[in-house]
Amino acid sequence: GQNIDQPTEMTATEGAIVQINCTYQTSGFNGLFWYQQHAGEAPTFLSYNVLDGLEEKGRFSSFLSRSKGYSYLLLKELQMKDSASYLCAVRDDKIIFGKGTRLHILP
Amino acid sequence: DAGITQSPRYKITETGRQVTLMCHQTWSHSYMFWYRQDLGHGLRLIYYSAAADITDKGEVPDGYVVSRSKTENFPLTLESATRSQTSVYFCASLTQQGIHGYTFGSGTRLTVV
């Protein structure tokens, strides 16, 4: 079956670093996405990993280990605007989403 | 403007009525998708389409019908709306390569009373 797990909620402090983990078990694998979704809005694309390793994009980085079925999203220098849900999604023949991690940022 | 647009943005309908949610994209992306998003379930795939006249079921297709006669349009029809179909519906498109991920429409908030 298809299963994507990520924590339901996390809390971090402005200016700090937070790591959001995602584990997956899928019948196939053609890449892993991370999306950001603010309340009441559509998800927006953050990153795509298809090979093992770290992809860095500004304050955001995403890591993938295909052998472990594991990814994380690393957010540095947290800002209040980073308060949102973060969705992990795996592409098999279609894209399956995890339930999302709601990130709360404290001042 | 280029992009992916959904209409209506909000809709209230009665149980048993047929309702169609529209989705239009201007990029000629091959793939288009319909998801519903509910608290506690996240985004769940209803139907998707790899090209015009090619559609396939996703995780939760029951009670929904789709068509794709033209590449740019992918309407979703609830044949006989039920309260359990109250949700936020997102349409999305994806290039063949998919390396830039989905582009989502703004969503339709549907309430079935």
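Observations on the model:
- Screening B:Ala81 against (1) farther than 26 Å from A:Asn3 by Cβ; (2) among the aliphatic types (A, V, I, L, M); (3) without any contact (Cβ under 8 Å) to a residue 40 or more places away in the chain leaves a single unmet condition, (3).
- Search result, residues across the stretch A:46-63 that are surrounded by 14 or more Cβ atoms within 10 Å (Cβ to Cβ) and within 14 Å of another protein chain (Cβ to nearest Cβ): A:Leu46, A:Ser47, A:Tyr48, A:Asn49, A:Val50, A:Glu55, A:Phe60, A:Ser62
- Of residues in the stretch A:76-102 being facing chain B (nearest Cβ under 10 Å) and among the basic types (Lys, Arg), the one farthest from the chain's Cα centre (by Cα): A:Lys94
This table checks each residue for (1) of a type in the set (Val, Ile, Thr); (2) closer than 25 Å to B:Asp38 by Cβ; (3) out of contact with any strand residue (DSSP E or B) (no Cβ under 6 Å at 6 or more places or on another chain); (4) touching a residue at least 12 places away in the same chain (Cβ under 8 Å).
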site	(1), (2), (3), (4)
A:Gln6	no, yes, no, yes
A:Ile20	yes, yes, no, yes
A:Tyr24	no, yes, no, yes
A:Leu32	no, yes, no, yes
A:His38	no, yes, no, yes
A:Pro43	no, yes, no, yes
A:Leu54	no, no, no, no
A:Arg59	no, no, yes, yes
A:Phe63	no, no, no, yes
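- Among the residues of the stretch B:61-81, some residue qualifies, meaning at least one is within 13 Å of chain A (Cβ to nearest Cβ), in a loop (DSSP other than H, G, I, E, B), at pLDDT 95 or above and surrounded by fewer than 20 Cβ atoms within 10 Å (Cβ to Cβ).
- 1 or more residues over 27 Å from B:Tyr89 (Cα atoms): qualifying strands (runs of 3 or more DSSP E) within the stretch A:23-95: A:53-57, A:60-65, A:70-75
- Assessment of the stretch B:30-37 against the conditions (modelled with pLDDT under 95, surrounded by 13 or more Cβ atoms within 10 Å (Cβ to Cβ), in contact with a Leu (Cβ under 8 Å, 6 or more places away or on another chain) and farther than 30 Å from A:Arg102 by Cα) yields at least one matching residue.
- Residue within the stretch A:26-45 that is surrounded by fewer than 18 Cβ atoms within 10 Å (Cβ to Cβ), within 13 Å of another protein chain (Cβ to nearest Cβ) and under 11 Å from the mean Cα position of the chain (by Cα) present: yes
- Just one of the listed residues (B:Leu39, B:Leu45) is within 14 Å of another protein chain (Cβ to nearest Cβ) and out of contact with any Phe, Trp or Tyr (no Cβ under 8 Å at 6 or more places or on another chain), namely B:Leu39.
- Residue within the stretch B:5-26 that is among the aliphatic types (A, V, I, L, M), within 22 Å of A:Ser85 (Cα to Cα) and away from every other protein chain (no Cβ under 14 Å) present: no
The values are calculated or read from the model by the stated rules, or taken from the named source; none is laboratory data. Owing to the predicted nature of the structure, the values given are computational and were not obtained by experimental measurement. Note: ideal-geometry Cβ built from the backbone for every residue, glycine included; neighbour counts use all protein chains shown.
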